[in-house]
Amino acid sequence: MEMFRHMHPIFRHGFKGFLHANSHLGLNFRTYRSTYFRRNPFCSSFHSSPECSVQSHEHEVVIALGSNVGDRIHNFNEALRMMKKSGINITRHGCLYESEPAYVTDQPLFLNSAIRGNTKLGPHELLKVLKQIERDLGRQDGIRYGPRPIDLDIIFFGKYKVESEYLMIPHERIWERPFVVAPLVDLLGTSIDNDNVSSWHSFSKQKGGLFELWEKLGGESLIGSKGLKRVLPIGSSLWDWSKKTHLMGVLNLTPDSFSDGGKFQEVNAAVSQVRLLISQGADIIDVGAQSTRPNASRLSVDEELQRLIPILDAVVEMPEMEGRLLSVDTFYAEVASEAVNRGVHIVNDISGGQLDPNILGVVGDLGVPYVAMHMRGDPSTMQSNENLQYGDVCEQIALELYSRLHKAELSGIPMWRIIIDPGIGFSKNTNQNLEIIMGLSTIRKELGKKSLAASHSPILLGPSRKKFLGEICNRENPVERDPATIAAVTAGILGGANIIRAHNIGYSSDAAKLCDALLQHQKSIH
């Protein structure tokens, strides 16, 4: 408590002083059976049975979500949509976890997460709204802790502890539940950003706040074991990207890409290349119809679609694509929408929403994973002297990326559907590319200052055949850079990359298998 004492006037002025100092909150006390604010840093004991109705002003809340009946991902998506419609402005999302059931264990696995947002609803009004959403999504009275299509619980409401016949905030048992605490911690950054967050830490009764509580429960050692997996939803399935390094094969449909421009513009050639990439071990095929090499001219939406659609339709129908994922490399909202409607699973945007801001809302509505890459400017300006100016490269990339991730969240893309790409070769010179490859842990750490959920996002790394490899190894022909690519891929995987984007999947596959074995061995001896 000492760490928060300087922040809150109740420690200096008592309860009356606190009410006076916070009269702008619209605190209105009236008689209501057995409802009261409990003793806490912001509201002293008050036992004369008043109701505390918080009105008018917006208050920051944390709401936990759980589902283990029916289409769990659909239930989550609908719950988010209904919450927004009911006056809850969602600002942050935790990661998504699949967990074994607690208390009543003979039931299906749960999905769990949490959101952070703002609302003008009072605590009991908010409870009423959430219970109505549960009913609308098919929840019925049944066994306590039993199966349910959706479960919505108020974890925090502003700075307040609330206890009534119907509502307790925070719930007395959340502190023992890893499946609640994990996504709750995701909503925070290691840098405390406001007084509400300070109070949430204090409620845990741990000197180190919620972070210490999470560590006492087991922390990151719980993830991937003991019934708690961090997953990314794709369609109606869940993708656990932590099991191995995943490989994204590049299919360029352009006449002018730096490595293989002009080779795969015809349907038959493109299909043959996809078949080769899959045979080499590709998990994802990334199809791009717009060149993003330095100084490339920009195609219109119609021009990009004319290149993309015939080949995309053919690839979707390939029997070999069964069990594989399809990604579209585009920064246009219209292209992303058309591609997803034709069977694409992932949108890969080199601009992170900068070149066509509409793409964020469109991807949010489409409900697909979104790769947000770091780049400054556009392909025609990204290598300008101005765009190559950095202080600490990894710190600045993380800061700029987080700004784009936050816009994506506000546009309806939950953090549990975001993949981050630091953008090798995009507005970076040779030394800066090397710093990124060796500094992925720094990027995660810096993202974690703002959002621990962002720091847990899968990292996609794409050094394949890039110019900086040619400069270092004196290889002018991009195809001759494959050995250097493998060295970069190896360093990246050992440094924390989860997905590798490459032209030669065969070489990258072997490198990834060895790196995964090394990491698994290291994990087993610790």
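If you take every residue apart from Gly352 with its C-beta less than 10 Å away from the C-beta of Gly352, what net charge results, scoring Lys and Arg +1 and Asp and Glu -1?
-1
Nearest-5 percent of antiparallel DSSP beta bridges in the chain?
60 percent
Tell me the net charge near Glu334. Cut-off is 10 Å between Cβ atoms, Glu334 excluded, with +1 for each Lys or Arg and -1 for each Asp or Glu.
Within the 10 Å Cβ shell, the charges total -4.
When only the heavy atoms of the protein chains count and the probe is 1.4 Å, how do Trp175, Trp239 rank by accessible area, highest first?
Output order, biggest surface exposure first: Trp175, Trp239.
Report the Stokes-Einstein translational diffusion coefficient (µm² s⁻¹, integer) for the range 381-526, Rh taken as the Kirkwood radius over Cα pairs, at 25 °C with viscosity 0.890 mPa s.
Estimated diffusion coefficient is 153 µm²/s.
Treat every Asp and Glu Cβ in the chain as -1 and every Lys and Arg Cβ as +1, leave all other atoms uncharged, and give the resulting dipole magnitude about the Cα centre to the nearest 20 debye.
Rounded to the nearest 20 debye, it is 1900 debye.
If r is the Cβ-Cβ distance from Ile525 to Lys445 and R0 is 22 Å, what FRET efficiency results, to the nearest 0.05?
0.35
Consider a paramagnetic label point 7 Å from the Cα of Thr91 along Cα→Cβ; state which residues of the range 150-164 have an amide N under 15 Å from it.
Once the point is set 7 Å along Cα→Cβ of Thr91, 156-160 turn out to lie under 15 Å by backbone N, inside the range 150-164.
Fully extended, how many nm does the chain gain between Ile472 and Asn295 (0.36 nm per residue separation, minus their Cα-Cα distance)?
Taking 0.36 nm per residue and subtracting the Cα distance, the gain is 61.6 nm.
What residues qualify as long-range amide H neighbours of Arg92, i.e. H under 5 Å apart, gap of 5 or more or another chain, H built at 1.01 Å from N?
Here Arg116 satisfy the definition.
Heavy atoms of the protein only, probe of 1.4 Å, neighbouring chains included. What is the accessible area of Thr330 in Å², nearest 10?
We get 0 Å² for Thr330.
At 1.4 Å probe size, with the rest of the protein present, what percent of the exposed accessible area of the chain is carbon and sulfur atoms?
Using a 1.4 Å probe with all protein chains present, the chain comes out at 49 percent carbon and sulfur.
So, for the chain, what is the accessible surface per residue at a probe of 1.4 Å, expressed in square angstrom?
43 Å²
What does the helix-only formula give at 222 nm for the chain: each DSSP H stretch with n ≥ 4 adding -39500 (n - 2.57), the total divided by the residues, and the result rounded to the nearest 500 deg cm²/dmol?
After summing the helix terms and dividing by residue count, I get -11500 deg cm²/dmol.
Give me the one-decimal Kirkwood hydrodynamic radius in Å for the chain, with the sum taken over alpha-carbon pairs.
24.7 Å
Have a look at Ile154, Asn268, Ser237 and report the one farthest towards the positive end of the charge dipole of the chain, computed about the Cα centre with Cβ charges (Lys/Arg +1, Asp/Glu -1).
Ile154
What is the log10 of I(q)/I(0) for the range 284-352, computed with the Debye formula using one identical point scatterer on each Cα and no solvent, at q = 0.17, 0.18, 0.28 Å⁻¹?
Results for the range 284-352 at q = 0.17, 0.18, 0.28 Å⁻¹ read -0.57, -0.63, -1.38.
Dipole of the range 88-164, Cα-centred, from +1 at each Lys and Arg C-beta and -1 at each Asp and Glu C-beta, to the nearest 20 debye?
The dipole magnitude comes to about 440 debye.
Under a straight-distance cross-link criterion of Cα-Cα below 19 Å, which aspartates and glutamates are reachable from Lys523, leaving out those fewer than 8 residues away in the same chain?
Glu215, Glu220, Asp240
At 7 Å along Cα-to-Cβ for each site, give me the label-to-label distance between Gln206 and Leu399 in nm.
Between Gln206 and Leu399, the simple spin-label model gives 3.0 nm.
In straight Cα distance, which aspartates and glutamates are under 14 Å from Lys467, not counting same-chain residues fewer than 8 positions off?
Within the straight-line limit of under 14 Å, Lys467 reaches these aspartates and glutamates: Asp260, Glu476, Glu480, Asp482.
Under 17 Å from the 7 Å Cα→Cβ point of Asp510, by amide nitrogen: which residues of the range 476-499?
Flagged as within label range: 480-491.
Leaving ligands, DNA and RNA out of it, rank Thr442, Thr91, Thr119 by accessible area with a 1.4 Å probe, largest first.
Descending order: Thr442, Thr91, Thr119.
Need the full-extension length gain, Asn431 to Gln389, defined as separation in residues times 0.36 nm minus the C-alpha distance. One decimal, nm.
Length gained between Asn431 and Gln389: 13.9 nm.
Quick one: if you stick a label point 7 Å off each Cα along the C-beta vector at His406 and Asn268, how many nm between them?
Computed distance between label sites His406 and Asn268 equals 5.4 nm.
Straight-line reach from Lys407: which aspartates and glutamates have Cα under 15 Å away, leaving out those fewer than 8 places along the same chain?
Here the aspartates and glutamates satisfying the reach criterion relative to Lys407 are Asp349, Asp356, Asp365.
What distance in nm separates the simple spin-label points at Gln306 and Glu163, each placed 7 Å from Cα in the Cβ direction?
7.1 nm
The values are calculated or read from the model by the stated rules, or taken from the named source; none is laboratory data. What you are looking at is a predicted structure, and each value in this text was computed from that prediction instead of being measured. Quick reminder, even Gly has a Cβ in these numbers, built from the backbone with ideal geometry, and neighbours come from all protein chains shown. To get the accessible areas, we keep the full protein, side chains included, count just its heavy atoms, and leave off ligands, DNA and RNA. Shrake-Rupley method; radii C 1.70, N 1.55, O 1.52, S 1.80 Å.
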